[in-house]
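Taken together, the values in this text are just the output of simple stated rules run on the coordinates, not laboratory data. Model, not experiment: these values are computed from the prediction. Using ideal geometry, Cβ is built from the backbone for each residue, glycine included, and neighbour counts are taken over all protein chains shown.
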Amino acid sequence: MLVLPLVMKAQSNWAFKGSSSEGLIVVQDNNGKYGFVDEDDNVVIPCQWNDAMFFSEGFAPVRDDNFKWGFIDKNGKLVFPCQWNYVSVFKDGLAPVMNDNDMWGYVDNTGQLVIEYKWTEASIFIEDRASVKDGTGMYGFIDKKGVLVIPCQWNAVWHFSEGLAHVKDENGKYGYIDTMGNVVIPCKWKDAWYFYEGLASVMDDNDEWHKIDKTGMVVE
């Protein structure tokens, strides 16, 4: 039998209202509880959670009154119990989750742990790579099997965009690596941003911004 979400009368005075994601919007009522409304502001999932994030790939993280996180579906059903200290949203079928020892691993969309708890930080997957931090405080990237494909050797990293990720080295300079960890644009910039349509913004030592292409050549 098809179970449809309960839709309640619209309400306009929310303490917090997020942006629409997959047709639902996270809201906080005046009692500090979180739920979800549709784009017409009708309550679809009642405000009963201590905290909540947006829907991604059919699931939304929610936190209960014991300050543990789990995941609900679009009917409001708690499909993965509130058992984690913290979580992030699903992306490419996987979600980062933190256990009671504050270590991060990943679950799949059945709730099964598929990448063991071994990281002190972990991000969502983008372009088949997720950034992680190890016990030394350095960052690298894993693939969706949990294999460390780019060693934890960077002071900071950002997610991949158009096949390249900007990273910060031990001298505080920024450059770019490819998905196998090869440095394709040397770390010589004071700041840097993501690639978009083949170009990225970078800042030189005089605090001036430029556009570079994927070879590192300044084009603007």
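Divided by 2.2 N^0.38 Å, where N counts the residues, the Cα radius of gyration of the stretch 54-186 comes to 1.10.
Comparing the stretch 126-220 with the 2.2 N^0.38 Å rule of thumb, its C-alpha radius of gyration ratio is 1.05 (two decimals). A dipole drawn for the stretch 48-197 from +1 and -1 charges on Cβ atoms has a positive end, and of Trp158, Met53, Thr179 the residue lying farthest that way is Trp158. Label separation (Tyr117 vs Asp134): 2.1 nm, computed from points 7 Å beyond Cα along the C-beta direction.
Placing a label point 7 Å from the Cα of Trp209 along the Cα-to-Cβ line, no residue of the stretch 129-161 has its backbone N under 11 Å from it. Quick one: which residues, 5 or more positions from Phe195 or on another chain, have an amide H under 5 Å from its amide H? H modelled 1.01 Å from N in the peptide plane, none for Pro or chain starts. HN-HN under 5 Å from Phe195: Ser161. Between Lys145 and Ser21, residue separation times 0.36 nm minus the direct Cα-Cα distance comes to 41.9 nm.
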